[in-house]
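Contents: one structure, followed by commentary.
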Amino acid sequence: MTAGNGYNRWLIPPAALAVHLCIGQAYAFSVFNEPLTRILGITQSLPEDWKLTSLGWIYSLAIVFLGLSAAFGGKWLEQVGPRRTMFTAACCFGGGFILSAIGVKLHQIWLLYLGYGVLGGCGLGLGYVSPVSTLLKWFPDRRGMATGMAIMGFGGGAMIGAPLGVTLMKHFHSDATVGVAETFLVMGTVYFISMVIGSLAIRIPPPDWKPAGWTPPIEAKKMVTRRHVHIDEALKTPQFYLLWLILCLNVTAGIGILGQASVMIQEMFKGGISPEAAAGFVGLLSLFNMGGRFIWSSASDYLGRKNTYFLFFALGTFLYSMLPTFSGEGNIVMFIGAAAVILSMYGGGFSTIPAYLADIFGTKYVGGIHGRLLTAWSTAGVLGPVLVNYLREYQIEHGVAKADAYTFTLYIMACLLSVGFVCNLLMKEVHEKHYMKHDEVDDPLQG
């Protein structure tokens, strides 16, 4: 739906947050893993209960289908608009919870794979990309800040989803149930309603709309186009694949810490960090992950997107290479501080990339292009944990102490970030042949 005259553009970020705060629950799915191993035994696992290894595929499938649905649904988003896409995301994500609840009741794990993994994953992907292009069109003067506001919600969704899930499971727990199925039903319903409200509130600006008092620059800034590249044509440019690598490498490095944060800090500071303190460390990293999504993307409006990623990769390479040193010296304060900054840049990478895409390819098809680029996230979601877990296991099997087993992995992550630095260095404007013809009036930057 196109907004009428006098519509307040600041109503759009809350609509986007209504979706992203819901789908951000994906980061908190681990709170269900242990209770799901006791569905039959209630108080303890029985031989017939599900194993953690089997349950781990639920989240992995959700991330894979997040990337696939964002890639294939992005073009559909450009055709039907954000409202229908956000409503479809609500049906998929809420429906995924409800189908998973049925799977728990019937003790059929394939229904959880299909429910939260496939259907919920599609809701994640469609819900993630659907508000982005709309925000960029409403905020041509503050692209980084606009996308940061929404994507910050995805990073913060776990701060709502984790305690909500735990509280509901405790409420529904009894001698006959661990409360997971009932919790899935409630959360699926609540998330569906919230996401539908967000979809109904979303509006797109009129074609010639500009913010009040804002004058488009007479000449475009370097690395900021005033034209458009079609969604299919974007795949023919080297810039798309450089940005794909930039996102993939940044996310791989961040997941390397985020996925094993609790175990890593306990093993690298053996005897100095309790499980409770390690949980606090994970919570701190989550806060920096969420805050970095808004702060870094907002800063990119002034620094420029390319310069912001230069900071991510240069500072990240240095901090990753210093983590083993801080651990060896027993300097817990510097270790935590470095890890927190790394996670802020991990979150910032997610929220800055849509504005980077809009700068390079224009705003007309940025939602669909962003969706296709998110396959880099799916790749990193597999690559990061594999690098950390398997390299650690290999070294321990060959006699390396647990406290030192992460050293080589952290240096590998630093090398990956240095490769990302080179990819970002190679970024330049799209060649003239890739731009659409006679499309200048479609971008608010054109006035």
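Worth a mention:
- Just so you know, in the range 385-417 the residues that are of a type in the set (Val, Ile, Thr) and in a helix (DSSP H, G or I) include one that is modelled with the highest pLDDT, and it is 412.
- Number of the condition not met by residue 233 [criteria: (1) at pLDDT below 90; (2) within 25 Å of residue 74 (Cβ to Cβ); (3) of a type in the set (D, E, K, R)]: (1)
- Of 274, 300, all but one fail to be hydroxyl-bearing (Ser, Thr, Tyr) and buried (at least 20 other Cβ atoms within 10 Å of the Cβ); the exception is 300.
- Scope the range 357-394; condition closer than 28 Å to residue 415 by Cα and charged (D, E, K, R); matching residues: 359, 372, 392, 393
- Some residue of the range 208-219 being out of contact with any Pro (no Cβ under 9 Å at 6 or more places or on another chain), of a type outside the set (S, T, N, Q), closer than 30 Å to residue 85 by Cα and surrounded by 14 or more Cβ atoms within 10 Å (Cβ to Cβ): no
- Scanning the range 418-435 for residues being not aliphatic (A, V, I, L, M) and not in a helix (DSSP H, G or I) gives a total of 4.
- Residue within the range 211-230 that is touching a helix residue (DSSP H, G or I) at 6+ places or on another chain (Cβ under 8 Å), of a type in the set (Asp, Glu) and either in a helix (DSSP H, G or I) or over 17 Å from residue 32 (Cα atoms) (or both) present: no
- Some residue of the range 104-121 being more than 15 Å from residue 65 (Cα to Cα), more than 18 Å from the chain's Cα centre (by Cα), in the same structural domain as residue 24 (by TED's automatic domain parsing) and crowded, with 24+ Cβ neighbours inside 10 Å: yes
- Considering the range 44-70, the residues that are outside any helix (DSSP H, G or I) and polar (S, T, N, Q) include one that is surrounded by the fewest Cβ atoms within 10 Å (Cβ to Cβ), namely 44.
- Unique match (being on the phi < 0 side of the Ramachandran plot and either in contact with a Pro (Cβ under 9 Å, 6 or more places away or on another chain) or in the same structural domain as residue 164 (by TED's automatic domain parsing) (or both)) among 251, 282, 263, 196: 196
- Filter result for the condition that a residue is over 20 Å from residue 289 (Cβ atoms), buried (at least 22 other Cβ atoms within 10 Å of the Cβ) and not assigned by TED's automatic domain parsing to the domain that holds residue 133, over 342, 353, 412, 369: 369
- Residue that is at pLDDT 90 or above and not aliphatic (A, V, I, L, M), where the choices are 161, 117: 117
- Residue in the range 358-374 that is farther than 20 Å from residue 299 by Cβ, part of a helix (DSSP H, G or I), modelled with pLDDT of 90 or more and charged (D, E, K, R) present: yes
- Residue list for the range 143-163, restricted to those being surrounded by fewer than 20 Cβ atoms within 10 Å (Cβ to Cβ) and in contact (Cβ under 8 Å) with a residue 40 or more places away in the chain: 159, 160, 162
- Among the residues of the range 313-328, at least one is under 19 Å from the mean Cα position of the chain (by Cα), assigned to a helix (DSSP H, G or I) and touching a residue at least 40 places away in the same chain (Cβ under 8 Å).
- Any hit, the range 171-194, residues being at pLDDT below 90, under 29 Å from residue 375 (Cα atoms) and of a type in the set (Val, Ile, Thr): no
The values are calculated or read from the model by the stated rules, or taken from the named source; none is laboratory data. A quick note: this is a predicted structure, and the numbers were derived from the prediction, not measured. Counting neighbours? That spans all protein chains shown, and the Cβs are built from the backbone with ideal geometry, glycine included.
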